[in-house]
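Report on the structure given below.
What follows draws every value from the coordinates through simple rules; no lab data is involved. Computed from a predicted model, the values in this text were never measured in an experiment.
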Amino acid sequence: MDDRVRFIEHKGKQILLLDYTDCDPQQVLGVVDEAQAEIASQPPASVLVLADFSRAQIDKAAAERIKKALAMDRPYVTRSAWVGTETLPKVFYENFKTFSQRDFPKFATREEALTWLVS
């Protein structure tokens, strides 16, 4: 697994970190593909996800790929938390939630997100 998609441990729980930090749209596509493959290899309803979008550049193509992956990952993911969404256009965020029929709580820091994920 690339360093951008990896499991980390927080308070004894495994969390899949999706690190989009400083990615351009092409790199975002790669992370999405890798994340989707890793998530699909896990048992249903078993994955906690922390996605960090800090300073990521997301264009329409990347947003479409994320949207589809979020919908396909739904059976595997029990909770998701997002950080660094300041540069993520609100329309993309709302579209992700609507299309996937999931909620993606936003947090100011990774630590806050991790605490929420394991609570």
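Overview of results
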read-out	value
The range 5-114 - Kirkwood radius from inverse mean 1/r over Cα pairs (Å)	13.7
Share, in percent, of DSSP beta bridges within the range 5-114 that are antiparallel, nearest 5	35
Computed [θ] at 222 nm, deg cm²/dmol, the chain (DSSP H ≥ 4; -39,500 (n - 2.57); rounded to nearest 500)	-13000 deg cm²/dmol
Extension gain from Arg102 to Glu86, taking 0.36 nm per residue of separation minus the Cα-Cα distance	3.8 nm
